[in-house]
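Student: Before anything else, here's the structure in question.
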Amino acid sequence: MTETAPRIPPPARPPEQEPLPSSVKAREPGPLRQAVAQRIRTLQDDYQRDSSQAVQALALLRRGIGRQATETPELWGLVGMEQFYAAQPENHRPYEAEILRAERAAHVAVTLWALHQQSNRSKRMHVADGASLGTAVRRLMSGTDSDEPIRKRLLRAGTATSFDVLGQRLRELVVLLRTAEIPLDYGLLAEQLDRWQKPGGPSLVRQAWGRSFHAYRPPADPGRRQDDAPELPESDALANQTKDQT
């Protein structure tokens, strides 16, 4: 009896590619980031046109710096909370803790922008390009010994022990950014300030600022190679270097 050759199974089809998990996908701007960006964009456009209403609004916002969001009813309608509610997903009603975090984050972000934009009609100090605080601070630095105090200010902000202290240290950085006319994405800042208030949030925000600080590369300069930039510590060391400065 003739033996039958064993049947060779067809080659296995490659498995279909599974969708990337949500943690890998690019994050869509959340309601707070959208709201703050929209509110500032409107004010910024009007301010650059020298609208008297916008000039008055920025003056009010600057007076709110360092104060609690709940203590500034004169700022109702100016920091973007209406837009925050409008940007919520359908059938989602924010819970109380979420609203409180958003109010505090929006208040700090929009009042700091008003300080940043002060007296500048020619340039926009809010740009919705994803420029994180670390990127903006790195742009301040010139590659000289004078950079160290600037870097330490970022470290101090990253290691703030309370939300109020964080707001104060961000104000110090914004004054420097205003002088140098370096813009910031305030929608992103508001989102990060919201995250800072959640459990484990300070370390995540600190990590994001450190990564953007180290990832920044200045525009190519024919007279200097990019690898001539001074070495900086790893971003994970952001907190460890200045524990004694908080």
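The values are calculated or read from the model by the stated rules, or taken from the named source; none is laboratory data. A quick note: this is a predicted structure, and the numbers were derived from the prediction, not measured. Cβ: placed from backbone, ideal geometry, glycine included. Neighbour counts: every protein chain shown. We work out accessible area using only protein heavy atoms, side chains counted, and drop any ligands, DNA or RNA first. Shrake-Rupley method; radii C 1.70, N 1.55, O 1.52, S 1.80 Å.
Student: Residues being among the charged types (D, E, K, R) and either part of a loop (DSSP other than H, G, I, E, B) or open to solvent by 80 Å² or more (accessible area, probe 1.4 Å) (or both): count how many of those fall in the stretch 117-150.
Tutor: Number of matching residues: 6.
Student: Among the listed residues Arg206, Arg178, Arg153, Arg169, identify the single one that is within 19 Å of Ala106 (Cβ to Cβ), open to solvent by 10 Å² or more (accessible area, probe 1.4 Å) and part of a helix (DSSP H, G or I).
Tutor: Answer to the selection: Arg169.
Student: What pairs come up if the first residue lies in the stretch 160-183 and is at negative phi, the second is open to solvent by 60 Å² or more (accessible area, probe 1.4 Å), and their beta carbons are under 6 Å apart, counting only those six or more places apart or on different chains?
Tutor: So the pair list comes out as Thr161/Thr246; Arg169/Arg156; Glu172/Arg153; Leu173/Arg153; Ile182/Arg139.
Student: Inside the stretch 51-79, can you point out the residues that are open to solvent by 80 Å² or more (accessible area, probe 1.4 Å) and of a type in the set (Ser, Thr, Tyr)?
Tutor: The answer is Ser52, Thr70.
Student: Which of the numbered conditions does Glu103 fail, given that it passes all the others? Conditions: (1) touching a residue at least 60 places away in the same chain (Cβ under 8 Å); (2) within 30 Å of Asp50 (Cα to Cα); (3) in contact with a helix residue (DSSP H, G or I) (Cβ under 6 Å, 6 or more places away or on another chain).
Tutor: That leaves (1) as the condition not met.
Student: List pairs: first residue in the stretch 107-132 and in contact (Cβ under 8 Å) with a residue 40 or more places away in the chain, second residue open to solvent by 10 Å² or more (accessible area, probe 1.4 Å) and of a type in the set (Lys, Arg) anywhere in the structure, Cβ distance under 6 angstrom, at least six positions apart or on different chains.
Tutor: Taking only residues 6 or more apart or on different chains, the pairs are Ala114/Arg62; Leu115/Arg62; His116/Arg178.
Student: Still on this model: Suppose we filter the stretch 87-112 for residues that are in a helix (DSSP H, G or I), more than 18 Å from Gln34 (Cβ to Cβ) and of a type outside the set (A, V, I, L, M); how many remain?
Tutor: 2
Student: Something else now. Being under 28 Å from Glu103 (Cα atoms), at pLDDT below 80 and not charged (D, E, K, R) is true for just one of Ser51, Ser22. Which residue is that?
Tutor: That would be Ser22, the only listed residue that is under 28 Å from Glu103 (Cα atoms), at pLDDT below 80 and not charged (D, E, K, R).
Student: I would also like to ask the following. Could you check the stretch 128-185 and list, in sequence order, the residues that are over 19 Å from Gln197 (Cβ atoms), hydroxyl-bearing (Ser, Thr, Tyr) and modelled with pLDDT under 95?
Tutor: Those that are over 19 Å from Gln197 (Cβ atoms), hydroxyl-bearing (Ser, Thr, Tyr) and modelled with pLDDT under 95: Ser142, Thr144, Ser146.
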